[in-house]
Amino acid sequence: MIRRTCAAGVLLLAISISPGRAQDPDAGHRLAEKWCVNCHVVASGQNRATSTGAPSFRDIAAQKSMTPMALRVFLQTPHDRMPDLHLSHAEIDDLSAYILGLRDLGKS
């Protein structure tokens, strides 16, 4: 029973990754500017966020443990300090692509 439940959970998570749709980091950036900018520094041109304590998107991207799956799980899990934005799977994919794309910018 437990194996069947775990297998079903893994299958549902794999399906939710939206493999048939290309991620759009530009759409993720627009989403970040709309919903995330008050608490996070989301772009290099932004001096600071209005809230303290929330990591910048570049700091989030720099975490070695931050993978697309880890970010997806985080964005789908309610947190005390973060509002539930009810993001769609496509929005999570786009936002994740934008955030993780900042990792590549830091290397140049």
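See the values below:
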quantity	calculated
Subset of region 82-108 [farther than 20 Å from Ala62 by Cβ and surrounded by fewer than 18 Cβ atoms within 10 Å (Cβ to Cβ)]	Pro83, Asp84, Leu85, His86, Leu87, Ser88, His89, Ala90, Glu91
Helices (runs of 4 or more DSSP H) lying entirely in region 12-108 (those with 1 or more residues that are at pLDDT 90 or above and of a type in the set (Lys, Arg))	25-35, 57-62, 68-76
Any hit, region 3-10, residues being assigned to a helix (DSSP H, G or I), surrounded by 10 or more Cβ atoms within 10 Å (Cβ to Cβ) and at pLDDT 80 or above	no
Every pair of residues 6+ apart whose Cβ atoms lie under 8 Å, when the first sits in region 16-33 and is closer than 17 Å to Gly101 by Cβ while the second is part of a loop (DSSP other than H, G, I, E, B) and at pLDDT below 95	His29/Val42; His29/Ala43; Leu31/Leu87; Ala32/His40; Ala32/Val42; Ala32/Ala43; Glu33/Val42; Glu33/Ala43
Of residues in region 70-88 being among the charged types (D, E, K, R) and out of contact with any helix residue (DSSP H, G or I) (no Cβ under 7 Å at 6 or more places or on another chain), the one farthest from Leu100 (Cα to Cα)	Asp80
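The values are calculated or read from the model by the stated rules, or taken from the named source; none is laboratory data. No experiment lies behind these values; they were computed from the predicted model shown. Ideal geometry is used to build each Cβ from the backbone, glycine not excepted, and the neighbour counts take in all protein chains shown.
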